[in-house]
Amino acid sequence: MKLDGTNPWPDDLVRKYREAGYWRDETLDGLLHDWAARSGSEIAVVDGRPDGPRLSYAELDQRVDRVARGLRALGIAPADRVVVHLPNTVEFVVVFFALMRCGAVPVLALPAHRHVEIEHFVGLADAVGYVIPERHDGFDYRELATGIAEGAPSLRHVIVASGDPGPFVGLDDLPSGTPEPLPESDPAEVAVLLISGGTTGKPKLIPRTHRDYAYNARASAEICGLTARDVYLACLPIAHNFPLACPGMLGAFGVGARVVLAPAPSPDVGFALVERERVTVTALVPPMARMWVEVAEWDTHDRSSLRLLQVGGAKLDAALARRITPALGCGVQQVFGMAEGLLNYTRLDDSSELIESTQGRPLCPDDEVLVVDRSGSPVEPGSSGELWTRGPYTLRGYYRASSYNAHAFTADGFYCSGDLVRQLPSGHLVVTGRVKDVINRGGENVSAATLEEHLLEHPSLAQVAVFGVPDEAVGELVCAVVTLSPEAARAPKLREIRAWLAGRGLARFFNPDRLVVRESLPLTAVGKIDKRQLAGSL
Ligand code: OOB
């Protein structure tokens, strides 16, 4: 059953990716059957809530089957879209695979999303179902669902996966399923719709096919050296690509490893689970990595099992990167990825110089990467430009977005990422900013990322966000919002910062016009610094 509004790869590339062995005839829910046959009695997933369940591969597979039959009996049909809005709990894992097993397509919302985002996803996808917990983190999702259901004509089912279903249907109360066989999915079909992390406009939906996403997870697991002895801790919201498939949950399942789902992203919850479950690998965004490093200085949990911390989602500054191994006693891997596809990893055996100062190199030998100037011509090797990419796990178009796709992709199918990078001779990429993250101050172009990088070297500053604020005289003013490092005796003054920047030889037009000191910076649904919200709050 083909999903409308998606863009397939052209035939020559389909042939190429199949022949190279990246794409196999596999579906994600079919793989779960294989994993259960291989590691049936091994623990697949541990729900990190107090007294949370632990399911073996066989138990997970059986539960997925039962729920898939129930969903089918409820009327969920192949190619139906269902918005899944669940935190890091076993119910997420069960619902994710069960929807695929009845041919439906999960749309993976993040727990922090609220009415505006969910309404947008349900409307854009014409979702027939919406799956929620009763409550999480003090928030009542049934209330949200009531509001969503009122304004969404396509929505037929609200399913409450955990807790009291109230007026809706509970996951355990689905009609008993029919014994008839469940539909078989096609490996080339869309398995899941991911949410774009883009910072401009409304989030878009990213179609990921069974075979491209299976490759994404398998190849990532290989790069990280994952084996059945590993224990992967999902601290980031599991609906996000990073902990889901880079290598995350799917990569861990693929090698028979164990997945532990952290109920909250904080270091105290994380460290307690590392000790209890003997966690070996986890993934964080930089603001969380900073907290883990700081808390590790006095925390007494046994973290000796941890061998690798992946950090990605936003630029990890080199100074913080250098603190990770001494503080946490594990290796570091930088990951520059996007839900759209392309993943870059530093390799486990890269030099510490590359690991600390680059965002990694592409996962696949057939990831095509171009670094281009504004006219779309390749820049001189080593210069900064926009990253364009194409490959066996990078989308060819956003879901139902034909007019947007017309400028987000080139005629020959490269995705124009909007990220600015430079590429080293080794192939490693250094992220230098975002195309749109350039402040126009009276005709001078100020790169927010460049100024942020300098400011982060200031001993009194811990976190920095630079952006433009509208100004009648010069168009945009350069505004820096900062938090102070624990060592800072007092907040630096704007003129001191300016003098310090001048001392580093930075051009005068980089001088911030405003300096705002905050206790903390607002974060996006996945935990990155949210500049848009910051700019709106000034
Ligand atoms: C990950 O995915 P998204 O879709 O939430 O965000 C993608 C965007 C990238 O286009 C880039 O602008 C930024 O986030 N980004 C980074 C970065 N990793 C992502 N910017 C600088 N340095 C990095 N290391 O964020 C994501 C998906 C899979 C794995 C890891 C992260």
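Scanning region 171-205 for residues that are farther than 22 Å from Y130 by Cβ, within 16 Å of the ligand (Cβ to nearest atom) and surrounded by fewer than 18 Cβ atoms within 10 Å (Cβ to Cβ) yields T199, T200, G201.
On the stretch given as region 412-431, residues that are of a type in the set (S, T, Y) and either without any contact (Cβ under 8 Å) to a residue 12 or more places away in the chain or surrounded by fewer than 19 Cβ atoms within 10 Å (Cβ to Cβ) (or both) total 1. Quick one: in region 352-377, of everything that is part of a loop (DSSP other than H, G, I, E, B) and in contact with a helix residue (DSSP H, G or I) (Cβ under 8 Å, 6 or more places away or on another chain), which residue is surrounded by the fewest Cβ atoms within 10 Å (Cβ to Cβ)? If we take residues in region 352-377 being part of a loop (DSSP other than H, G, I, E, B) and in contact with a helix residue (DSSP H, G or I) (Cβ under 8 Å, 6 or more places away or on another chain), then D366 is surrounded by the fewest Cβ atoms within 10 Å (Cβ to Cβ). The residues in region 26-55 that are in a loop (DSSP other than H, G, I, E, B) and within 19 Å of C364 (Cβ to Cβ) can be counted, and the count is 1.
Being small (G, A, S), under 24 Å from T524 (Cα atoms) and touching a Pro at 6+ places or on another chain (Cβ under 8 Å) is the filter here, so list the residues in region 222-268 that pass it. Across region 222-268, the qualifying residues are A234, A239. Check whether at least one residue in region 52-70 is among the aromatic types (F, W, Y) and farther than 30 Å from R278 by Cβ, and report yes or no. Scanning region 52-70, I find no residue that is among the aromatic types (F, W, Y) and farther than 30 Å from R278 by Cβ, so the answer is no. Kindly establish whether T300 is away from the ligand (no atom under 16 Å from the Cβ), of a type in the set (S, T, Y) and either within 24 Å of G251 (Cβ to Cβ) or free of Cβ contacts under 8 Å to residues at least 12 places away in the same chain (or both). When the stated conditions are applied, T300 passes them. Across region 158-195, the qualifying residues are those that are among the small types (G, A, S) and modelled with pLDDT under 95, and the one among them that is farthest from I148 (Cα to Cα) is S185. Residues in region 404-441 that are among the hydroxyl-bearing types (S, T, Y) and touching a Phe, Trp or Tyr at 6+ places or on another chain (Cβ under 9 Å): Y404, T410, Y415, S417.
I'd like to know if region 206-213 contains one or more residues that are more than 14 Å from the ligand (Cβ to nearest atom), free of Cβ contacts under 8 Å to residues at least 12 places away in the same chain and under 20 Å from L28 (Cβ atoms). No, region 206-213 contains no residue that is more than 14 Å from the ligand (Cβ to nearest atom), free of Cβ contacts under 8 Å to residues at least 12 places away in the same chain and under 20 Å from L28 (Cβ atoms). Scan region 233-245 and give yes if some residue there is away from the ligand (no atom under 14 Å from the Cβ) and crowded, with 24+ Cβ neighbours inside 10 Å, otherwise no. Yes; the residues of region 233-245 include at least one that is away from the ligand (no atom under 14 Å from the Cβ) and crowded, with 24+ Cβ neighbours inside 10 Å. Of the residues that sit in region 349-368 and are within 21 Å of the chain's Cα centre (by Cα) and hydrophobic (A, V, I, L, M, F, W, C), which one is nearest to the ligand (Cβ to nearest atom)? Among them, the one singled out is L363. With the condition kept exactly as written, say whether any residue in region 310-325 is of a type in the set (G, A, S), within 20 Å of V279 (Cα to Cα) and within 14 Å of the ligand (Cβ to nearest atom). There is at least one residue in region 310-325 that is of a type in the set (G, A, S), within 20 Å of V279 (Cα to Cα) and within 14 Å of the ligand (Cβ to nearest atom). Taking the condition away from the ligand (no atom under 15 Å from the Cβ), among the hydrophobic types (A, V, I, L, M, F, W, C) and within 22 Å of P286 (Cβ to Cβ), does A448 pass? Considered against the rule, which asks whether it is away from the ligand (no atom under 15 Å from the Cβ), among the hydrophobic types (A, V, I, L, M, F, W, C) and within 22 Å of P286 (Cβ to Cβ), A448 comes out as no. The set of residues from region 177-222 being among the hydrophobic types (A, V, I, L, M, F, W, C) and either touching a strand residue (DSSP E or B) at 6+ places or on another chain (Cβ under 9 Å) or in a loop (DSSP other than H, G, I, E, B) (or both) comprises L182, A188, V190, A191, V192, L193, L194, I195, L205, I206, A214, A219.
When we screen A161, A152 for residues that are in the same structural domain as A79 (by TED's automatic domain parsing), out of contact with any Lys or Arg (no Cβ under 9 Å at 6 or more places or on another chain), under 15 Å from P111 (Cα atoms) and not hydroxyl-bearing (S, T, Y), the only hit is A161.
The values are calculated or read from the model by the stated rules, or taken from the named source; none is laboratory data. A quick note: this is a predicted structure, and the numbers were derived from the prediction, not measured. Cβ sites come from the backbone with ideal geometry, for glycine too, and all protein chains shown count toward neighbours.
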